Each structure stands twice: as C-alpha cells, then as structure tokens.
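The values are calculated or read from the model by the stated rules, or taken from the named source; none is laboratory data. Owing to the predicted nature of the structure, the values given are computational and were not obtained by experimental measurement. Glycine also receives a Cβ, built like all others from the backbone with ideal geometry; neighbour counts cover every protein chain displayed.
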Amino acid sequence: MFRLPVSKMDEFFGAIAAAQTLYLPADGKDGKASYVKWESGIALSKALNTVRSAKDFFFPQTTNLCDFNVNGKNIEIIDNRTESEDFVVFGVRACDARSFTILDKVFLAEPVDSYYATRREHGTVITMACTAPEENCFCNVFGIDAANPEGDAACWLTENYLYINPITEKGRKFIETVKGLLEECDSAEVDAQKAATKEILDRLPFANVNTDYFRKNTLLDIFNSDKWAKLSESCLACGTCTFVCPTCQCYDIKDYDTGHGVKRYRTWDSCMYSDFTKMAAANSRTTQLQRFRQRFMHKLVYFPDNNEGEFGCVGCGRCLSRCPISMNIIKVIKNFGEEE
Amino acid sequence: MRSETLIPRIGVVTDIRQDTPDVKTFRVVGTDGNKLFEHIPGQCAMLSIPGVGEGMFSITSSPTNREFMEFSIKKCGCLTSWLHMMDVGQQITVRGPYGNGFPVESDFKGKNLLFIAGGIGLAPLRSVINYVRDNRANYGSVQIIYGSRSMDDLVDYKEIIDEWMKDDGIEVNLTIDREQEGWDGHVGFVPNYVKELNPDVSKTVVMCGPPIMIKFTLAGLKELGFIETQVFTTMELRMKCAIGKCGRCNIGNKYVCKDGPVFRFDQLDLLPNEY
Amino acid sequence: MQEQTVKRALELLADGTVNRVLGWKTGEFAYDTTPAVFTSAEEVEKSFIYNDFCGPNLSKYLIKESRKEGKILVFLKPCDTYSFNQLCKEHRLIRENIYVIGVPCTGKVSAEKIKSSGIKGITGMESDGENVTVHTLYGDSTVKKSDAMGAKCSTCKSKKHVAFDELIGEDGEVNNDNARFEMVEKLEAMSADERYEFWRGELSKCIRCNACRNVCPACSCENCVFDNPESGIQQRAAVNSFEENMFHLIRAFHVAGRCTDCGECSRVCPQNIPLHLLNRKYIKDINEFYGDYQAGADLDTRPPLNAYTFDDCEPSIVYKKGGNE
C-alpha cells in the first residue's frame, strides 16, 4: 500500500499525464460528472459516479472499423486501425471496473475484437473506492465490493491522503511511474474506511434484493411469464438504459458514404429499438414487450447461462436514475421475486 | 496489429446465373483467382457492397468445389437489389466463414438423408447435397423433396435435372404450388407432399424453407413418426457482426450467427420462439 | 389529492364509465413514479399515486390506449392538457374513448434538481406544497419546493386545464408572466459563434438514445424520418457531430408550431441537454413573426405555420432577426 498527501493530487495527476494520457471524472457546467482528459487545473469530481459509464474508453459510442475506396467495379479496403496509445483512467468505481470484465467476456472471446483489445491492453484502470453510496446503488447484489474495487490499482481517498494499492502487473508498472510522489504505508486508515463504507452498503435499500428467481426457473418459464406485459407497458422504446449501461454492448455496423470514400462505422445500438431485428423481409421482435423482455432476459438469464452464472449487470444504478419513466432492472427483479 | 474478422476481404464476381425471376447465383473468388476460404456445408459469409450494406448469406456451393464459392441470393431488400444489379467483374467484400454448419462429418455420417426445401430454402441445402454427392460412400440413401411456387421459381432447376436426378441412389421429388403449363410433375404444397411420400422414419431430415412450410412440415413429420432430434434446419435472422457480439441474432442463450445457423428441432424447443 | 383521485378512479371503474385508468404508479423512492394502466380496483388501491412527484406527461400514451377496446380514464395536469388538445387537433387520439380528469398541479418536484443541490442517497420524499422533506441514507433535509422543481415547472406557463371531462379541485389561471424565454433571449444576444459554441457543448453530449423524441407528444409520426432505414441515420448512436446537431434541429423544426412546451424532452434527457430551449426559440419566433400562439390551447385556432395571411412576415425577416447576413 502506498499513499500521497491530498495536497499533492495535482502533482500526482501531472506526473501521470506527463507519461500518458490521463482521464478522470470532472464536473461539467451542469454539475454532472463525466470523464475528461486531464489538464492542469482540472479537479477530480466529488460525484459518486459519471452520468455515462466508463465503457466508452474501450467500447466507444462510435468506432471507425475501416474505409473503402470504390472505383467503378473495384474496391479498395483501407485498414486504418492504429495501436491505441497508452492511457490511464483514474477514478473508476467498483461497478464500472467489474463491467470491464463483463465486456471482456464478449469482446475478448474468439474471434477477439481488435478495436476493443488494443484499448484494453493500453489502458490502465485505476479505481476509486466509494465512501458514500447512493440509494440506487446495488453492486453488492452482484458480489461487488464498492469499498474494495477491482482494477489495475485501487485507490481510497481519505481526508488527508490518497491511498493506492496495485493489483495487477499493469498496476505495479503504473505505481513505478509515480513512485517519487508516493510513500509506503500501512492500511489502517483504509481498513477503517472500508469498515465504515460496509456499514452503509449493508443498509442500502437494495442490499438484499434477491435474484434467485432467475436462477431457479427455466429460461422458457421466465421468458413466457405474463409479467413482462405489465412491466413493459409504459416503456418509451428509447435507448437510455442501454446507452448509460456499462455492460450493454450491442452494436450496429453502418456505412457512411462521404462522397470521397466509404467509412464503415460501428455504433452503439439498442435492443430496445424497433428496427434492431428488422430484416428486409421480416422482423423477429415486433412489439416493445418483446424488445423490453430481450434486454432483461439477456442480462438476467442469457448472459449468466453462457458465463458461469454471472449476471450481465453490475448494479451501478444508472438506469434507475436515468430511465424517463423510472422502469428499471431493480423493478423487474423485484417484480419477479415477489412470486417467491 | 492482430487480425480482425470485421475487416473483410475483396471478392470478385466471376459468373452470374439467373436462377429464377428473383434469385441469382453469384460465383465469387478472391482477387488472386483462388477460393477465398474453406467452409463446412451450411456455413455463411458476410457479403457487402461498401456504402450499401453488409448481409449474411449462406454459401451454397459445396466445400468439395476447390475453385470458387457460390451464393444464391433472392432479391428482397436494399443490399440484395444492389447485388442483383451487378455485372461480372464487380468486386464485393467477403468475410467468413461463419456459423456452425451441418454435422456432415458426425451426425449425418452413414445416415439415410432426407432433404426438404421450399423456395430459396434450397440454397443452403445445396451445399450439403453436393457435399454428400461428392462423398457418396459416407452416406446412405438420399431423398430430396423440393417445392416452389412455380416451375420458374425452382432454384438450381438445371442442376437438379441434369445432375442430381441422374445420380444413383438419389431420389428427387419436385412439386409446385399450382398447376402450370409444361409441368407434368407433382402439384401441391411441400408439407402435404411429404406426407404423401411417407418417407422412412429412419432418415435424418434436413429442412429449410419459409417459416410456414417449416411449421406444417415438422407437424407432418411428427405424424409420420419422426422425432425432433432427427430433424435439422438452418435459420436466418438479422446479423451485423456474424461473431456473436453485436447482439442482433441473439435468441435465448444462443447467437444464431455463431451457435447456429444450423439447429436441431429439439434444440430450438429450448429457445424462445423469436425467429 | 391522492384520496380524491383514487376515489374517482374507483367510482368510474365501478360504474362502468371506463374499463382502465391511466395514471402514475408508486416506485421505490417516492420520486420514481411510472406511468401505468390500471385495469382493476385492486391495482388502483395498491399502487396508484398522484402527488408532487408525478412528472411524466401521460397524453402521448393515449395514442395507443385510445385505440383499444373500451374507454380509458386519464389524469392530466394542466400542462398535459395542452399536449392532449394538440394531439386531438392532429387527429391522433380517439376522443370518445377517453375520459379526462383534470388534476391540479403546483409544480412537480425533480429528484435530479434536488440531487444537483448536493443532497445524495434519497430514499424518500414528502411534499407539503411549500417544502419538500427529503429522507436520505445520510439524514433528512428540507428544501423549498420552488428550489426543487425542474426546468419544466420552474417556468410554468399555465395552471389552467384546457381540456377535461371533469376537474378535481379549483382550476388555475394561465400564467403569462413566466420567464420562459429568458434563456432564449440570452442565447439570442450571443454572437453566432458563441451560440454555436453553446450548442456544440450541449449537443456533443447527445448519445442518441431517442428519449426526447420518444417522450415528445408532438413526435407522433407512425414512422419517424430518423427510423427510415434508407436514411442511413436510423435510431442508433450518431457517428459524428453533424448527425448530433441535425437530429435535434430537424426534430425541433418538425415540432415547431405544434410543440406545447411541455418540457418532457429536457426532463428525460439523460445527458441534461436543455433541449426545450430549441423549441422555445421557435415558439418565441412564431410569437414574434405571426402573433402570440400557444399550441394546444384550443382545438380551433389555425396553427400559424399552417395558415397564410397577407400580414405574414416576409421570409427575409429571418435574416433581420439574427441570422448571419
């Protein structure tokens, strides 16, 4: 365990940024936190979390896959991929840190997605323990400890110190680059913070939400439940939940003819959208009930089925606070759980 | 830089055959004149015209063809209309092969095979049929029941007449939906024809066609004593990545592009009916 | 208020006037109410709620609901009735299948607004009309209700119901004295570059979730231009800043003269983009060019953009009014 006086935070960020690009949550004009590239003078946000998740760093909203030049009957394919530069994401919360390992299971499974992989290889994730979780937090339901986050290195911010503990090889390498500013220390203050946070985590409103229903029942029984009709009734069919979700990874591939060449893009897409499964001749999901059900079935049943029981949700609470009509995964889980 | 399956390769269209009024078969090779890649019957490839779109198509030629690949494509949307407008020599982009393919080296081996197809549904089966013809000793009897709206809509009609029907040990039963001048074969829908022909229940069935045909044929087969574990089909859903990541063809815990497109009906019974 | 609304809902269900009730359903924390259709007395008694936290405008749901079997009861706040009228005017609703009860509104509390004032971990809220008591994981606090309302309500244009079959409580008055164009004026006073800068800053946050469009009662096209697969821009996230800008500008133009300024677009935006300012700019322009007009205020007045008069301003006035000459 290492530490650094809070007064030296700027110097610390400066030292990181001197070697590689540093991103951290900072408050915007609207008072909401978002990840920004650190420059001198930018302060770490005190907000619990960013409005958008941190998935952008590895799976951005849009990615240019490749370009084409079309000339008469001939096509030229331009592979314009570049190796990602090294970067550090600082201040990632435990929920988002876990989301990366969930995304890994999709993008790093064979055949590996090279766009994601290069960012993942070159990105160092420095997490920050939570001290004041909010009512919408339920990461503990998925076995995540907000007081002791994963990542390449984890941090704890106390009144006077920033504590940092490397976890992976990449984390240890990171520590080396800023070692001059750090002092070795014991973990007494961190342990005290963990204990205090745990006390709060235990009394969170959703601390004991039970997901057993989705383990005990069969895929088809859950799928065919008549509860979906009521739950999806007022869904606006927007993609807010999908786009703020750190684990949603569906995408679309689209060509854009610039007039002097074709750019092939990948963009985030949402299974909540009416044309998500639309083909020239047919559409396999024609109602919002079906599309709403798909999103939750994927997170609570299909993904766990394929990944040793791990749910496709990290309990970050973003969909709870952002859904325009306040329908969300907690309401779905609780509604099914009520049957027990 | 590691290889990236989403970045396609260039294919050249070397031959175009008008099969039916709305189906054309395209012959494709790489820019070096050789076959782009090897595949298993039933596997698919993503074809694209940059700026128009990309789509998943079944490779309809047999892997035993060492020279080229073929794709039989029905005109029904934006991309397929564009493909139908192509001339020989046009370049397209190709990536693949994708999907599991038919179990030609396992479940099918040594079996008597019954192929049932409707309309363009013959396209994905053509690959298997020709593979079986080229490895005849490995399989038992072959029966093909194929129907379409009219005589003109029978895909690969020439190949069926000139080659398949002349092979020993292959029984071909053709049918069209309605009476037509110049047609002296069977008239009627595929499901009824299957029941009429009353195929032996020992056969392994490979079926592809419009959903309504599949539904009634499967019911008919069950009446005849067939069970779901001996009936295979291949599915079509919207796909973008073809590698089980983009989420579009996800049904239940399966991705049709990666875990399919070939499924046995007992496997489909465990999935939500969203196809 | 809660008691009266529930009572009327139960009565109208019981006497067969309606077979369903469209209202708000209780959530987990008082502030997260969800629009819902109640089909039985039990459902209404169990989870129907009407209080200061029922922000969502229910009018748009009636497009779908009024096409179903039987009559539906809907509770509309004053501003919601403008959307309702506008939808009727555009022949989007089957009016005879709807029974409207106008419910009074003194402004809805926005949990977002309260959270942005630094109050975290809200587990419950009560409002007495003046003050909001907020229960949190870290203790209770009290906020003045006027400080707890979102943009939608802090510049309320009317407390008067413009459409209803019956009213609960006293009807209010149109409030012309609102300051809703204040920010628009500030933007107008900026240089074109400053304004562009402002909007790029806001619109670059857009994630194209379509929440603004999908919640908007004026966006009632059966098939939106942005859902046209041939357009190359349908539904999914924007690929560049041009798309980000154009989506919102096209949408604002498309609802110009029909937007009632219900404020739902800004309420639902997960990125806190003040989208209502685009619409207000058009409302302000329309008022100035063609005379004061409030979309949805009645069923008869011809919308200025659909009516021609000899007094209409010349298109060139657009340049005089602040465009780059």
Practice item. May I ask you to say which residue of A:240, A:277, A:258 is under 30 Å from residue B:77 (Cβ atoms), among the hydroxyl-bearing types (Ser, Thr, Tyr) and surrounded by fewer than 21 Cβ atoms within 10 Å (Cβ to Cβ)? Key: A:258
Check your understanding: Taking the range B:79-101 as the region of interest, how many residues are closer than 22 Å to residue A:73 by Cβ, surrounded by 22 or more Cβ atoms within 10 Å (Cβ to Cβ) and in contact with a Gly (Cβ under 6 Å, 6 or more places away or on another chain)?
Key -> 2
Review point. When the range A:115-136 is examined, which residues are found to be in a loop (DSSP other than H, G, I, E, B), within 13 Å of another protein chain (Cβ to nearest Cβ) and in contact with a helix residue (DSSP H, G or I) (Cβ under 8 Å, 6 or more places away or on another chain)?
Key: A:130, A:131, A:132, A:133, A:136
Revision key, fill the gap. Residue A:201 meets each of (1) touching a residue at least 40 places away in the same chain (Cβ under 8 Å); (2) under 25 Å from the mean Cα position of the chain (by Cα); (3) within 8 Å of another protein chain (Cβ to nearest Cβ) with one exception, condition (3)
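Every residue, every condition in (1) assigned by TED's automatic domain parsing to the domain that holds residue A:48; (2) under 30 Å from residue A:64 (Cβ atoms); (3) surrounded by 14 or more Cβ atoms within 10 Å (Cβ to Cβ); (4) under 22 Å from the mean Cα position of the chain (by Cα), yes or no:
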| site | (1), (2), (3), (4) |
| --- | --- |
| A:166 | yes, no, yes, yes |
| A:181 | yes, no, yes, no |
| A:193 | yes, no, yes, no |
| A:230 | no, no, yes, no |
| A:236 | no, no, yes, no |
| A:250 | no, yes, yes, yes |
Check your understanding: For the range C:145-163, what are the residues that are at pLDDT 95 or above and surrounded by fewer than 18 Cβ atoms within 10 Å (Cβ to Cβ)?
Key -> C:160
Exercise for review: Scan the helices (runs of 4 or more DSSP H) fully inside the range C:31-106 and keep the ones with 3 or more residues being over 20 Å from the mean Cα position of the chain (by Cα) and within 14 Å of another protein chain (Cβ to nearest Cβ).
Suggested key: C:41-47
Review point. From the set of residues in the range A:12-38 that are small (Gly, Ala, Ser) and in a helix (DSSP H, G or I), which is surrounded by the fewest Cβ atoms within 10 Å (Cβ to Cβ)?
Key: A:18
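Residue-by-condition table, conditions (1) exposed (fewer than 15 other Cβ atoms within 10 Å of the Cβ); (2) modelled with pLDDT under 95; (3) in a helix (DSSP H, G or I):
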{"site": "C:259", "(1), (2), (3)": "no, no, no"}
{"site": "C:289", "(1), (2), (3)": "no, yes, yes"}
{"site": "C:300", "(1), (2), (3)": "yes, yes, no"}
{"site": "C:311", "(1), (2), (3)": "yes, yes, no"}
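Has the range B:7-16 got any residue that is at pLDDT below 95 and part of a loop (DSSP other than H, G, I, E, B)?
So in the range B:7-16, the residues at pLDDT below 95 come out as none.
No, the conditions are met nowhere in the range B:7-16.
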Exercise for review: Kindly indicate whether residue A:109 is more than 17 Å from the chain's Cα centre (by Cα), within 19 Å of residue A:313 (Cα to Cα) and assigned by TED's automatic domain parsing to the domain that holds residue A:15.
Suggested key: yes
Review point. From the residues in the range A:70-94 that are away from chain B (no Cβ under 14 Å) and not in a loop (DSSP other than H, G, I, E, B), which one is nearest to residue A:143 (Cα to Cα)?
Key: A:94
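Out of A:159, A:176, report the one residue that is away from chain B (no Cβ under 14 Å) and outside any loop (DSSP other than H, G, I, E, B). Even if it seems obvious, please write down each step before you answer.
Working: A:159 fails: outside any loop (DSSP other than H, G, I, E, B).
One residue alone meets the criteria, A:176.
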Point to revise | Boolean, residue A:293 is of a type in the set (Lys, Arg), crowded, with 24+ Cβ neighbours inside 10 Å, within 11 Å of chain B (Cβ to nearest Cβ) and over 30 Å from residue A:75 (Cα atoms) | key: yes
Check your understanding: Out of the range B:173-193, which residues are among the hydrophobic types (A, V, I, L, M, F, W, C) and either in contact (Cβ under 8 Å) with a residue 60 or more places away in the chain or touching a helix residue (DSSP H, G or I) at 6+ places or on another chain (Cβ under 6 Å) (or both)?
Key -> B:176, B:183, B:190
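Would you call residue C:120 at pLDDT 95 or above and among the basic types (Lys, Arg)? Spell out how you get there, then give the answer.
Details: at pLDDT 95 or above: no; among the basic types (Lys, Arg): yes.
Considered against the rule, which asks whether it is at pLDDT 95 or above and among the basic types (Lys, Arg), residue C:120 comes out as no.
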Check your understanding: Can residue A:299 be described as crowded, with 19+ Cβ neighbours inside 10 Å, over 19 Å from residue C:212 (Cβ atoms) and in contact with a strand residue (DSSP E or B) (Cβ under 6 Å, 6 or more places away or on another chain)?
Key -> no
Practice item. Taking only the range B:216-270 into account, find how many residues are facing chain A (nearest Cβ under 8 Å) and either of a type in the set (Lys, Arg) or touching a Gly at 6+ places or on another chain (Cβ under 6 Å) (or both). Key: 4
Point to revise | The listed residue being modelled with pLDDT of 95 or more, over 26 Å from the mean Cα position of the chain (by Cα) and not charged (D, E, K, R), out of A:185, A:245, A:241 | key: A:185
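Would you mind finding the one in C:179, C:151 that is over 30 Å from residue C:71 (Cα atoms) and without any contact (Cβ under 8 Å) to a residue 60 or more places away in the chain? Quick ask: steps written out before the conclusion?
On the way: C:151 fails: without any contact (Cβ under 8 Å) to a residue 60 or more places away in the chain.
One residue alone meets the criteria, C:179.
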**Study point:** Selection within the range B:21-36 - within 14 Å of chain A (Cβ to nearest Cβ) and exposed (fewer than 15 other Cβ atoms within 10 Å of the Cβ)
**Key:** B:31
Check your understanding: Can you name the number of the only condition in (1) more than 10 Å from chain B (Cβ to nearest Cβ); (2) assigned to a loop (DSSP other than H, G, I, E, B); (3) out of contact with any helix residue (DSSP H, G or I) (no Cβ under 9 Å at 6 or more places or on another chain) that residue A:112 fails?
Key -> (1)
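Restricting the search to the range B:64-78, which residues are over 15 Å from residue B:23 (Cβ atoms) and either surrounded by fewer than 21 Cβ atoms within 10 Å (Cβ to Cβ) or among the small types (Gly, Ala, Ser) (or both)? Write out each step before concluding.
Residues of the range B:64-78 over 15 Å from residue B:23 (Cβ atoms): B:64-69, B:78.
B:64, B:65, B:66, B:67, B:68, B:78, listed by residue number.
Considering only the range B:24-65, state which residues are in a strand (DSSP E or B) and over 20 Å from residue B:239 (Cβ atoms).
The answer is B:24, B:25, B:27, B:29, B:30.
Where in the range B:112-185 are there strands (runs of 3 or more DSSP E), lying wholly inside it, with at least 1 residues that are in contact with a His (Cβ under 9 Å, 6 or more places away or on another chain) and closer than 22 Å to residue B:24 by Cβ?
Values: elements: B:113-118, B:142-148, B:170-176.
Once the strands (runs of 3 or more DSSP E) in the range B:112-185 are filtered for at least 1 residues that are in contact with a His (Cβ under 9 Å, 6 or more places away or on another chain) and closer than 22 Å to residue B:24 by Cβ, what remains is B:142-148, B:170-176.
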Practice item. Please list, ordered by first then second residue, the pairs with beta carbon atoms under 6 Å, 6 or more apart or interchain, first in the range C:5-22 and at positive phi, second modelled with pLDDT under 95. Key: none
Exercise for review: Output the residue which, of all residues in the range C:177-234 that are within 12 Å of chain A (Cβ to nearest Cβ) and among the aromatic types (Phe, Trp, Tyr), is farthest from residue A:244 (Cα to Cα).
Suggested key: C:198
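I'm trying to understand the selection: among the residues of the range B:1-20, which are at the interface with chain A (Cβ under 7 Å from one of its Cβ atoms) and crowded, with 16+ Cβ neighbours inside 10 Å? Can you show your working first?
At the first step, the residues of the range B:1-20 found to be at the interface with chain A (Cβ under 7 Å from one of its Cβ atoms) are B:1-2, B:4-8, B:10.
Passing the criteria: B:4, B:5, B:6, B:7, B:8, B:10.
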